[in-house]
1. Identify all aspartates and glutamates with a Cα-Cα distance to Lys56 below 13 Å; exclude those on the same chain that are fewer than 8 residues away in sequence.
2. Give the average over all directions of the projected area of the C-alpha convex hull of region 117-175, one decimal, in nm².
3. Go through Lys50/Lys243; Lys97/Lys243; Lys50/Lys97; Lys22/Lys97; Lys81/Lys222 and tell me which ones have a Cα-Cα distance over 28 Å in this structure.
4. Once phi is turned into θ = phi - 60°, what whole-Hz ³J(HN,Hα) does the Karplus curve with 6.51, -1.76 and 1.60 give for every residue of region 28-37, x standing for Gly and Pro?
5. Among 18-26, 134-142, 68-76, 237-245, what's the highest-first ranking by average C-beta atoms within 10 angstrom per residue?
6. Expressed in nm to one decimal, what extension gain is obtained for the pair Arg53 and Arg210 from 0.36 nm per residue of sequence separation less their Cα-Cα distance?
7. Give me the aspartates and glutamates in straight-line cross-link reach of Lys153: C-alpha distance below 17 Å, same-chain residues under 8 apart excluded.
8. Can you tell me which aspartates and glutamates have their Cα less than 16 Å from the Cα of Lys251? Leave out same-chain residues fewer than eight positions away.
Amino acid sequence: MARSIVPEADAILDLVHPVLDKGFVRLVDYLGGDQRIVQSARVSYGEGTKTFREDKGLIDYLLRNQHTSPFEQVSLTFHCKMPIFVARQWVRHRTAKLNEISGRYSVMKDEFYVPSPEAVSYQSDDNKQGRSTEEVSDEVRQRALENLEAGQKQAYSDYEALLEEGLARELARINLPLSLYTEWYWTIDLHNLFHFLQLRLDAHAQMEIRVYAEALLEITRKVAPVATESFENNMLGGVRFNKQEIDALRKVAEAHPATVEAALGTDLSSKPKERFWAKLREGRQL
C-alpha cells in the first residue's frame, strides 16, 4: 500500500497554531488520511476502486457503527506547548505516545500562563469543577491577575537562585507552579484522537484545554476531512440512547410519521413499518 499523501496536510506541516498567551500546536507528521481508512476497511490496494461518494458513505458507516479499527490506521504527531495544569488533564488520555521536556535535564524557561481578564471568573455554585457566568468586577480581575503574576515571578526567581547555588535541577524545579509552560511531542491514532476531541471540546471541559482541542480539530480537518466531518456529525454533534429511550422514541416516531419523514428526508408511506425500522440505519438510531 503506497503512502497516502494529503496535500492540504502537507501544506500545514510545522505551521504554528497559537493557543492561549504563549502556547501552540503544530502538526509535525501524519500517516494516512481518508484514503487510508477506506483502503484499510476494504483491505484493497490501489486507488479509484470506489467513487468519492461511496468512500464518504463507507467512512460515515464505519464511524456511526463504531467500526473503529480502520481509523487506527491513521496517526498524527503534534508538537504542543501548554501550561502544566493543561498537560495533566491532557495526559489522562493514555491512548497516545508522548515525550515531554524534562526539568531534570533542561533549565525550564521563564514562561507562565496568565489568563486574559475575560477568563477570570468566580467558582460556579452548581458545578464543582467549573466557572460561574457571574460578572467579575474589573477590580477583582486586576487583583487576581496581579497575584498570579507575582507568585509566578517569585517562584521563578527562587528557582534561578537554587540553580545558581548549584542545586540539582530535579530539586530546584519542584516549587515551580502549574502555570509553567511545558512542551511535548504527542502521537495518536485517529480513532483515539476523535475520542479525545469529543471529551475536550465539550462545554464542560476547562476552557484552557478546550482551545487546544479546537486547534487540534482544525488541523485534523486537513489530514482527514471526510472522517472529521463524520466525527462532527455523529460523535461531536450526536447523542446516544439506551434501550428504554429508543423504545420511547420509536413509539413517538411511529405515531408521528410526518415528523420522521421531515427529519430523515424519506417517505414512510412506501415502506412497511417493520422494514423501515429494520433496514434504515438512521431510523434505528433516531
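Any read-out appearing in this document is the output of simple, stated calculations on the displayed coordinates, not a laboratory observation. Quick caveat, the model's predicted, so the values are computed rather than measured. When we count neighbours, we look across all protein chains shown, and the Cβ atoms used for this are built from the backbone with ideal geometry, even at glycine.
1. Here the aspartates and glutamates satisfying the reach criterion relative to Lys56 are Asp34, Glu229.
2. Computed as one quarter of the Cα hull surface, the answer is 5.3 nm².
3. Where the Cα-Cα span goes over 28 Å, the pairs concerned are Lys50/Lys243; Lys97/Lys243; Lys50/Lys97.
4. Those phi angles translate into 8, 7, 8, 10, x, x, 4, 5, 5, 4 Hz.
5. Output ranking for 18-26, 134-142, 68-76, 237-245: 68-76, 18-26, 134-142, 237-245.
6. 53.3 nm is the gain from fully extending Arg53 to Arg210.
7. Result set, ordered by chain and number: Asp21, Asp110, Glu111, Glu164.
8. Cross-link targets: Glu261, Glu274, Glu282.
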